[in-house]
Amino acid sequence: MVSDNFLDTNIIINYINYSEKSNNLVKNSHDYVLNSKGEIIVCEMVIKELNKIRERKSLIRKVVLELLKNENYDLSLVLSKKDIPFAKKLYARFRNYEIKKVSEIFIEEESVFAIEIDKFIETKVNKRVIPLSNIDNELVIILHDLITNIDDCKVLASALQYQKQQSEIFNFVTADNTDFNERDYKYLIEHFEINHNKKGFIFPKLVNLLSN
């Protein structure tokens with residue numbers, strides 16, 4: 001039986017970033033989407049995350065431009081600890097370039113990334129489901145007791161809500177071994193069966209490409 005595929009944000013990012021030089025995970029994500037026989041489904045929380053990533057990348061580039069102008073510029077004034085290493089890596093790549101040239105490259109990269117996101121949504125996605133306003137906040141809170149990242153909780157909550165509406169089990173496709181590894185996902189299912197079985201939520205099948 002052909003199963004539909006509910007995509008996590010990282011799968012879409014990997015697909016967009018694919019090239020012939022990509023690592024196996026990016027290649028596997030690209031090939032999974034390309035070879036999918038079932039429908040491709042994304043929730044509105046994933047769309048929101050894609051936009052946040054776009055904004056985050058844009059901010060990192062702006063900060064790198066400031067650092068190129070002034071090597072004493074304090075990255076921590078603007079960027080999170082998680083983003084500072086990316087900014088430093090980007091700075092090292094362009095530190096010997098003219099600022100005007102770097103600015104042009106960054107503008108082009110931002111444009112391409114935005115276009116690729118829109119293109120993916122328009123050409124690959126069959127269904128956009130669960131508006132942000134419809135995400136079950138009580139379900140998110142329950143998931144957040146076990147999953148640290150609140151955005152991941154909202155994505156999974158959307159998947160569970162959509163699965164509840166379907167007669168067939170679909171695949172929840174991710175490349176995240178932090179919150180969605182097979183062991184923890186199995187524990188989540190058991191936790192719901194024991195503590196929240198009256199709510200009637202059914203978990204989709206986990207397909208974690210990091211485990212493949």
message = So the check is Cβ under 9 Å with 6+ separation or different chains; which pairs have a first residue in the stretch 161-174 that's assigned to a helix (DSSP H, G or I) and of a type outside the set (Gly, Ala, Ser) and a second one that's surrounded by fewer than 14 Cβ atoms within 10 Å (Cβ to Cβ) and modelled with pLDDT of 95 or more?
response = Gln161/Asn134; Tyr162/Lys127
Number of the condition not met by Arg128 [criteria: (1) within 28 Å of Asn17 (Cα to Cα); (2) among the charged types (D, E, K, R); (3) surrounded by 15 or more Cβ atoms within 10 Å (Cβ to Cβ)] = (3)
ask   = Could you count how many residues in the stretch 187-212 are out of contact with any helix residue (DSSP H, G or I) (no Cβ under 6 Å at 6 or more places or on another chain) and of a type in the set (Phe, Trp, Tyr)?
value = 2
inquiry  = Please go through (1) under 27 Å from Asn23 (Cα atoms); (2) touching a His at 6+ places or on another chain (Cβ under 9 Å) for Thr174 and return the number of the only condition it doesn't satisfy.
reply    = (2)
request  = Return the only residue of Asp179, Asp184 being surrounded by 12 or more Cβ atoms within 10 Å (Cβ to Cβ), within 17 Å of Phe6 (Cα to Cα) and of a type outside the set (S, T, N, Q).
outcome  = Asp179
message = With the requirement that a residue be modelled with pLDDT of 95 or more and in a loop (DSSP other than H, G, I, E, B), what does the stretch 61-71 give you?
response = Asn70
message = Against the condition in contact (Cβ under 8 Å) with a residue 12 or more places away in the chain, over 30 Å from Lys127 (Cβ atoms) and surrounded by fewer than 19 Cβ atoms within 10 Å (Cβ to Cβ), how does Lys101 come out, does it pass?
response = no
Residues of the stretch 131-160 satisfying the condition of being in contact (Cβ under 8 Å) with a residue 60 or more places away in the chain, within 15 Å of the chain's Cα centre (by Cα) and surrounded by fewer than 21 Cβ atoms within 10 Å (Cβ to Cβ) = Asp151
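Give the residues of the stretch 111-130 that are among the β-branched types (Val, Ile, Thr) and touching a residue at least 24 places away in the same chain (Cβ under 8 Å), sorted by residue number.
Ile117, Ile121, Val125, Val129, Ile130
The values are calculated or read from the model by the stated rules, or taken from the named source; none is laboratory data. Just so it is clear, the structure is predicted and the values come from calculations on it, not from any experiment. Cβ atoms come from the backbone with ideal geometry, glycine included; neighbour counts cover every protein chain shown.
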